[in-house]
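Let me begin by presenting the structure, written as structure tokens, before commenting on it.
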């Protein structure tokens with residue numbers, strides 16, 4: 001027995017002394033998986049309404065690889081040069097980010113100026129790694145698709161950079177404190193690695209708890225989602241994995257190395273499928289994603305990494321899929337360019353076709369594929385002429401271990417580019433051409449920034465502050481208008497018809513613009529607010545009922561910010577309505593989500609006889625030229641007249657229906 005134990009210990013010691021890996025074979029495919037989820041989520045949202053969790057795959061892999069690199073550097077050099085680490089991060093991320101800003105600012109001159117509203121602050125936030133704080137400060141919902149910000153997707157880079165700054169410094173200060181010195185003078189960093197793993201685990205737990213606290217009582221999860229404080233736990237979970245199973249060989253890796261190939265394949269397949277299932281079935285509005293989904297994604301990615309580490313001896317000798325590796329290497333630039341290019345290309349299509357292209361139809365899919373192709377072209381050029389040239393330099397020994405793996409959230413092609421024959425200095429002609437192109441883009445970018453409006457034309461027309469009425473001031477107003485004459489809901493000057501009753505209109509941003517006419521013509525009380533969704537109407541109407549200030553006719557115009565649970569919220573509104581009232585739902589014109597919700601709202605009168613539909617979407621269809629730059633809001637008096645008359649016709653129809 002003693003001989004058996006001795007033999008086993010000797011075998012284990014021999015395995016722990018294996019030569020460190022030169023790179024992680026196949027693990028970079030996680031980056032391709034993550035970016036593909038994000039691409040499907042943004043270009044074809046009906047396929048993967050939860051594909052935004054792809055960014056968490058990036059975060060976990062980044063935490064794993066960065067921690068592995070820093071621990072390896074400390075093991076090799078006896079210290080971490082944190083300033084050099086920051087410099088490498090800056091050179092790796094910042095040049096491509098600048099290229100993104102220059103290209104997008106230039107192209108933004110070809111789309112309506114409303115997309116450049118407050119763009120100076122947006123760009124400043126992008127270049128200072130504070131995009132997430134900017135989005136929190138302005139109170140913009142992550143799910144808001146109306147005039148989307150061109151650089152909103154860079155919020156993840158902010159979380160990433162904050163992690164680099166803090167985590168790099170912590171490891172620099174803490175690791176030297178826990179080096180264990182043996183009797184023969186040899187030093188071991190095993191204890192230090194364990195301390196780092198525990199620290200990362202504690203911080204990850206704190207971040208997860210912070211997200212849960214921020215979600216409590218919040219109608220919109222966006223602030224909790226954007227914040228570095230509450231969204232750092234995926235990258236920290238990756239850090240735990242990197243501290244315990246990074247470069248080198250230890251007992252944890254040996255444990256996974258003993259996993260049988262068939263079981264390993266099954267576990268990896270189930271993990272990948274589990275992440276895909278959440279991306280397909282759990283949209284942003286579902287709180288499960290924030291209570292458990294993101295955490296589960298992070299744990300599954302860590303499990304995949306650990307299984308891959310255990311199988312490296314086998315995977316090292318098997319070629320990695322070239323297409324997926326191509327995507328993985330360029331995933332940073334793909335992520336950078338995909339979002340603004342999608343917005344710009346869709347606006348180009350809108351200017352050609354005169355309408356917003358959304359939904360599962362040939363026109364939208366064709367335009368989306370064109371935008372996707374341009375994304376890959378821009379990513380390839382960025383990788384070839386920006387990322388690699390600015391990352392060229394001699395790699396410290398510890399970093400050579402990361403060769404072919406990338407080390408950041410978007411799966412950047414290795415922190416340090418391979419020093420092979422392809423990395424020859426550029427000829428002067430190419431440098432000159434690059435300088436000229438950069439100068440041209442810079443000039444156009446300056447023009448775009450200097451001519452950008454502070455606020456959108458929509459915001460200027462709304463005069464939101466005057467129209468967002470306090471609920472306590474809501475009271476029953478006399479219904480003075482219930483008829484539009486023969487003009488129908490296609491425009492024309494409304495005709496007054498005094499009728500007893502009262503109207504309460506609860507609306508979103510689309511309702512703000514025509515609110516003045518609605519109030520003047522009907523004496524209705526209007527409560528409208530930007531970014532309001534159907535779920536918000538439940539609380540508002542309940543408070544009005546309890547204060548006995550809800551009108552006999554209740555108009556709900558909250559379909560613009562359509563979410564997966566919007567119809568359920570509409571049903572709840574109907575169920576909660578007190579006796580004696582009549583309900584009118586206004587449809588919204590716009591994207592796929594709105595059309596889906598419209599179809600559901602049109603079925604409500606079959607179940608609730610007191611419900612009437614004011615079909616704004618049908619009324620404005622074919623007259624999209626009357627809409628604002630975003631294709632959703634009203635632009636001009638003619639559009640206002642159509643909207644008002646749609647509601648007036650619905651009120652006239654509701655007059656002949658029974659009350660609740």
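Values in this text are rule-based calculations from the coordinates and carry no lab data. Treat the numbers as computed from the prediction; the structure is a model and nothing was measured. Here the Cβ is made from the backbone with ideal geometry for all residues, glycine too, and neighbour counts use every protein chain on show.
The peptide list 536-545, 439-448, put in order of mean Cβ contacts within 10 Å with the highest first, becomes 536-545, 439-448. Once the Cα-Cα distance is subtracted from the 0.36 nm per residue extended length, the residue 576 to residue 276 segment shows a gain of 104.3 nm. Neighbour counting of Cβ atoms within 10 Å sorts the residues 610, 284, fewest neighbours leading, into 610, 284. The value given for segment 508-623 is a Kirkwood hydrodynamic radius of 14.4 Å, derived from the mean inverse Cα-Cα separation.
Whole angstrom only: what separates the Cα centroid of segment 160-222 from the Cα centroid of segment 19-89? Value for the Cα centre distance between the two parts: 17 Å.
Shape class of segment 37-115 from the alpha-carbon gyration tensor: oblate, with a/c at 1.5 or above and b/c at least as large as a/b.
Sorting the segments 574-583, 515-524 by their mean number of nearby beta carbons within 10 angstrom, highest to lowest, gives 515-524, 574-583.
Here the simple spin-label model places points 7 Å from the Cα toward Cβ, and for residue 128 and residue 166 these points are separated by 1.9 nm.
If R0 equals 56 Å, the separation of the Cβ atoms of residue 625 and residue 384 corresponds to a calculated FRET efficiency of about 0.85. Among 64, 33, sorting on how many other beta-carbon atoms sit within 10 Å of each Cβ, with the fewest leading, yields 33, 64. Classify segment 235-323 from the C-alpha gyration tensor, please: rounded if a/c falls under 1.5, else prolate or oblate depending on whether a/b exceeds b/c. Since a/c reaches 1.5 and a/b is larger than b/c, the shape of segment 235-323 is classed as prolate.
Projected label points at residue 299 and residue 86, each 7 Å from Cα along the beta carbon direction, are separated by 3.6 nanometres.
Mind checking the full-extension length gain between residue 437 and residue 369? Use 0.36 nm per residue of separation minus the Cα-Cα distance, one decimal, nm.
Working it through step by step, the gained length comes to 21.8 nm.
Taking the fewest neighbouring Cβ atoms within 10 Å as the starting point, the ordered list for 72, 62, 569 is 569, 72, 62. FRET efficiency for the residue 265 to residue 360 pair, using the beta carbon distance and R₀ = 41 Å, is estimated at 0.75.
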